[in-house]
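The values are calculated or read from the model by the stated rules, or taken from the named source; none is laboratory data. Bear in mind the structure is a predicted one, so any value in this text is a computation, not a measurement. Note: ideal-geometry Cβ built from the backbone for every residue, glycine included; neighbour counts use all protein chains shown.
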Amino acid sequence: MSTTATTRLQAPRRQPDPRGHWFLVLTGLLLMTGALVLNGYATNAVGETHAAPAASADEDLAGVDRGGPLVNLTGKGSQSARVPAKTVALTFDDGPDPVWTPKLLDVLKRHGAKATFFAVGARVAENPDLARRIVAEGHELGNHTYAHADLTGVSAWRLRLEVSLTQKVIAGATGFQTRLVRLPYSSTPESVTGPQVAAMRELGSAGYLVALADLDTKDWSKPGVDKIVKAGIPSQGRGAVIMMHDSGGDRAQTVAALDRLLTRLDRDGYRATTLTLALGLGSAYLPAGGFDRVTGSALSDAQRVSAAFTLTLSWVLAIAGVLTLARLLFFLVLAWLHVRRARRGRRRAGAAPPWPAPPAVSVIVPAYNEEVGIEATIRSLVNTAYRGPVEVIVVDDGSSDATAERATGLGLPQVRVLRQPNGGKPAALNTGIAHASHEILIMVDGDTVFQPDTIGHLIEPLRDPGVGAVSGNTKVGNRRGMLGRWQHIEYVIGFNLDRRAFDLLGCMPTVPGAIGAFRRTALAQVGGLSVDTLAEDTDLTMAICRAGWRVVYEEKALAWTEAPTSIGQLWRQRYRWCYGTLQAMWKHRRAAVERGTFGRRGLGYLTLFQVLLPLLAPVVDVMAVYSVLVGDPLPVVAVWAGFVLVQALAGWYALRVDRERASVLWVLPLQQFVYRQLMYFVVIQSVVTAVLGVRLRWQTIRREGTFS
């Protein structure tokens, strides 16, 4: 390719970056948060539990204590009713349960008995068919709050919300509402406390009849079938309201005890019926309005969706954690094997024959507005310890600053400076390749500095005729500040540690633009660099791998590069990298079905760990916060601390083999709260940009002149 031909390359018109998708991302996060909050509320894991209702008057407490198990506090004072002799009102709390409630209903049907089920609203929402079966078989539904909340420890608005939501889901399931309510954690009249009476007064003012019990079987404690039966038998032929449970754990003892209890009561001439029938009251049901029925059905659907969603997210969190940890440990093992192989001084294909003489090398430096750093880059290339001939070709790609003048002004005989209108980095590199004189080509970014021995180490693997490209070891030069340290850790752990593994697996996805050596034959076979993607280095590497060449990593070939110094600059750089990588993956997608290791291993790895898992990263963070807020935070903190510890150990090893100080690891825990989120939002932005078909413009970053 000639310089004249290159000058006809024009920068394509770019569409603006999409912005509206952030609204969709925010909406998705809000919906996810809403689903988690609803599920947490339904499981009584979130909500206000501190402000208690005002204490009840002493006369109310005394009236309830001396009265019967059905309490009416709708007016002044308290009224109560007792079940007549030889009659029992069987009551079951905490259901309906998909396992135990049907078994209890079957027992009741065999004995021709009826009962009252004080249902938890959240359980009705999960099992509306069971609520309908209870009503259809002649039993009675009562209100037991929505989330089984202790109503003595909530504010008045939460109390009203608990019973109101339960009424709505009962209406949605059955078309009725109920006048009966039972406080969670209540029992017999004599055990009622002042705060419970205050809550009962609040419910009475809303028109509810409050149910207590004469006999509490305490079946929830699983005392044994005999003790449950004994606790449920009234003495001396009296009537009684019997409390049992159809949910909240293993209720096998309750099912067995109910069968024996009903047999005993039937033998003793008792009638087992619902609470209102036992007391001779009218129906507990009131017809529900259309709005309440629709609202209840919608709430029931929403809760089931939220429960399934939360369960799915929990699995996603677990799978993501396992995959991330497995990847880290697997790559550590591969890195250790790579270090051992490097120390033995031989590569997988065996020792290659030595060169008769150090081969000539052409170094190509594409430069666009690199005025502040180009001199340092050129001097590092010229002042090399490599003994073979080295030519340096600087291609000024239409810079608007004094890049070309600075490069020319050095007056170095082995340095040529070519100028062309701006056509992009691939075009500049192709221009340099066309003017290069030698078979071995090195590509270097205009902000990168080589060490004196870098060129010699970098081209050493090319002695093997099967090697088409070599990746060097990129280092962050400007490590001051938190952002610089974070990028330094990322380069050592996330890039160079991975490249050791890719080298062993034979699926190197990227030879970085900062430092890479290529065989001209391999470049010619793939047609040089393409302008199809914004990640020309990844695109080129994938093409070389697909052509059958090996791409290897040389850890001793060090290159110092300037990392972005602000969040905005870092975002633009990584946005381009990620978007370009997605383009290259799509372009080379057929490699997945071709022979060779790159497609199956390299593309599979990139898809899983650099696209899918980062897309799921917000889910991991939201679920972690949710688990801390609604449950015991210690397991979450312990898992996080353990994960950071494993990362720190991996980082220590990576820094050690790269001959870097491990003291920088103190910033690793902080990296989880800012840098990690920035990186996965970059992936989200890039994926959405690619899906929408928007052509991203080249993202340039400002150079600081770190090495000048």
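Kindly evaluate residue 269 against the criterion of being assigned to a loop (DSSP other than H, G, I, E, B) and within 41 Å of the chain's Cα centre (by Cα).
It is false that residue 269 is assigned to a loop (DSSP other than H, G, I, E, B) and within 41 Å of the chain's Cα centre (by Cα).
Pick out, from region 407-501, the helices (runs of 4 or more DSSP H) lying fully within it that include 2 or more residues that are touching a strand residue (DSSP E or B) at 6+ places or on another chain (Cβ under 8 Å) and not assigned by TED's automatic domain parsing to the domain that holds residue 338. Reasoning before the result, please.
Details: elements: 425-435, 454-459, 481-489.
Passing ranges: none, list empty.
Out of the residues in region 275-313 that are among the polar types (S, T, N, Q) and surrounded by 13 or more Cβ atoms within 10 Å (Cβ to Cβ), state the one that is nearest to residue 68 (Cα to Cα). Please lay out each step first, then the result.
Within region 275-313, the first condition is being among the polar types (S, T, N, Q), and the residues that meet it are 276, 283, 295, 297, 300, 303, 306, 310, 312.
Applying the additional criterion that residues be surrounded by 13 or more Cβ atoms within 10 Å (Cβ to Cβ) yields 276, 295, 297, 300, 303, 306, 310.
Values: 276: 14, 295: 35, 297: 35, 300: 34, 303: 36, 306: 40, 310: 43 Å.
Selected residue: 276.
Quick check on this structure: which one of 173, 149, 122 is surrounded by 20 or more Cβ atoms within 10 Å (Cβ to Cβ) and in a loop (DSSP other than H, G, I, E, B)?
Values: 173 fails: in a loop (DSSP other than H, G, I, E, B); 122 fails: in a loop (DSSP other than H, G, I, E, B).
Every option except 149 fails the conditions.
Within region 95-118, can you find the residues that are under 11 Å from residue 247 (Cα atoms) and of a type in the set (S, T, N, Q)?
Within region 95-118, 101 is the sole residue that qualifies.
Among the residues in region 610-631, are any more than 14 Å from the chain's Cα centre (by Cα), of a type outside the set (Phe, Trp, Tyr), exposed (fewer than 15 other Cβ atoms within 10 Å of the Cβ) and at positive phi? Reasoning before the result, please.
We begin by selecting, within region 610-631, every residue more than 14 Å from the chain's Cα centre (by Cα); these are 628-631.
This time we only want the ones that are of a type outside the set (Phe, Trp, Tyr), so: 628-631.
Narrowing the set further to residues that are exposed (fewer than 15 other Cβ atoms within 10 Å of the Cβ) leaves 629, 631.
Next, only the ones that are at positive phi stay: none.
Checked against the condition, which is being more than 14 Å from the chain's Cα centre (by Cα), of a type outside the set (Phe, Trp, Tyr), exposed (fewer than 15 other Cβ atoms within 10 Å of the Cβ) and at positive phi, region 610-631 yields no hits at all.
Does residue 511 satisfy the criteria of being among the β-branched types (Val, Ile, Thr), touching an Asp or Glu at 6+ places or on another chain (Cβ under 9 Å), buried (at least 24 other Cβ atoms within 10 Å of the Cβ) and in a strand (DSSP E or B)? Write out each step before concluding.
Numbers: among the β-branched types (Val, Ile, Thr): yes; touching an Asp or Glu at 6+ places or on another chain (Cβ under 9 Å): yes; buried (at least 24 other Cβ atoms within 10 Å of the Cβ): yes; in a strand (DSSP E or B): no.
It is false that residue 511 is among the β-branched types (Val, Ile, Thr), touching an Asp or Glu at 6+ places or on another chain (Cβ under 9 Å), buried (at least 24 other Cβ atoms within 10 Å of the Cβ) and in a strand (DSSP E or B).
Right, residue 449: among the β-branched types (Val, Ile, Thr) and crowded, with 22+ Cβ neighbours inside 10 Å or not?
Numbers: among the β-branched types (Val, Ile, Thr): yes; crowded, with 22+ Cβ neighbours inside 10 Å: yes.
It is true that residue 449 is among the β-branched types (Val, Ile, Thr) and crowded, with 22+ Cβ neighbours inside 10 Å.
So, in region 458-510, of the ones that are of a type in the set (Ser, Thr, Tyr) and over 27 Å from the mean Cα position of the chain (by Cα), which residue ends up farthest from residue 540 (Cα to Cα)?
Applying the filter and picking the extreme gives 474.
Do we find that residue 109 is touching a helix residue (DSSP H, G or I) at 6+ places or on another chain (Cβ under 7 Å) and charged (D, E, K, R) in this structure? Steps first, please.
Working: touching a helix residue (DSSP H, G or I) at 6+ places or on another chain (Cβ under 7 Å): no; charged (D, E, K, R): yes.
For residue 109, the condition - touching a helix residue (DSSP H, G or I) at 6+ places or on another chain (Cβ under 7 Å) and charged (D, E, K, R) - is not met.
Test residue 489 against the criterion of being touching a Gly at 6+ places or on another chain (Cβ under 9 Å) and modelled with pLDDT under 90, and give yes or no. Full working, then the answer.
On the way: touching a Gly at 6+ places or on another chain (Cβ under 9 Å): yes; modelled with pLDDT under 90: no.
Spelling it out, it is not the case that residue 489 is touching a Gly at 6+ places or on another chain (Cβ under 9 Å) and modelled with pLDDT under 90.
Just checking, how many residues over region 118-157 are small (Gly, Ala, Ser) and over 35 Å from the mean Cα position of the chain (by Cα)? Can you show your working first?
Filtering region 118-157 for residues small (Gly, Ala, Ser) gives 119, 121-122, 125, 131, 136, 138, 142, 147, 149, 153, 155-156.
Keeping just the survivors that are over 35 Å from the mean Cα position of the chain (by Cα) gives 131, 136, 138, 142, 156.
Residues that pass the stated criteria total 5.
So which residues in region 208-243 are assigned to a helix (DSSP H, G or I) and either among the charged types (D, E, K, R) or buried (at least 18 other Cβ atoms within 10 Å of the Cβ) (or both), if there are any at all? Show your work before the answer.
Keep residues of region 208-243 that are assigned to a helix (DSSP H, G or I), which gives 219-221, 225-231.
Result: 219, 220, 225, 226, 227, 228, 229, 230, 231.
With the structure loaded, tell me whether residue 196 is modelled with pLDDT under 95 and assigned to a helix (DSSP H, G or I) or whether it fails that test. Write out each step before concluding.
Values: modelled with pLDDT under 95: yes; assigned to a helix (DSSP H, G or I): yes.
In short, yes.
Residues that are in the same structural domain as residue 451 (by TED's automatic domain parsing), β-branched (Val, Ile, Thr) and under 17 Å from residue 517 (Cα atoms): find the helices (runs of 4 or more DSSP H) completely inside region 533-632 holding 3 or more of those. Give the derivation first.
Details: elements: 536-546, 567-587, 604-607, 613-630.
Result: 536-546.
Could you tell me which residue of region 514-529 is surrounded by the most Cβ atoms within 10 Å (Cβ to Cβ), considering only residues that are more than 35 Å from the chain's Cα centre (by Cα) and either in a loop (DSSP other than H, G, I, E, B) or outside the structural domain of residue 470 (by TED's automatic domain parsing) (or both)?
The qualifying residue surrounded by the most Cβ atoms within 10 Å (Cβ to Cβ) is 529.
Within region 343-356, identify whether any single residue is crowded, with 19+ Cβ neighbours inside 10 Å and either modelled with pLDDT of 95 or more or outside any loop (DSSP other than H, G, I, E, B) (or both), and answer yes or no.
No.
Given the condition modelled with pLDDT under 95 and of a type outside the set (Lys, Arg), answer yes or no: does some residue in region 222-231 qualify?
No, region 222-231 has no match at all.
Looking at (1) over 16 Å from residue 106 (Cβ atoms); (2) outside any loop (DSSP other than H, G, I, E, B); (3) touching a helix residue (DSSP H, G or I) at 6+ places or on another chain (Cβ under 9 Å), can you tell me which one residue 281 breaks?
So the condition that residue 281 fails would be (2).
Do we have residue 434 as surrounded by fewer than 19 Cβ atoms within 10 Å (Cβ to Cβ) and either farther than 26 Å from residue 660 by Cβ or polar (S, T, N, Q) (or both) here? Steps first, please.
Values: surrounded by fewer than 19 Cβ atoms within 10 Å (Cβ to Cβ): yes; either farther than 26 Å from residue 660 by Cβ or polar (S, T, N, Q) (or both): yes.
Considered against the rule, which asks whether it is surrounded by fewer than 19 Cβ atoms within 10 Å (Cβ to Cβ) and either farther than 26 Å from residue 660 by Cβ or polar (S, T, N, Q) (or both), residue 434 comes out as yes.
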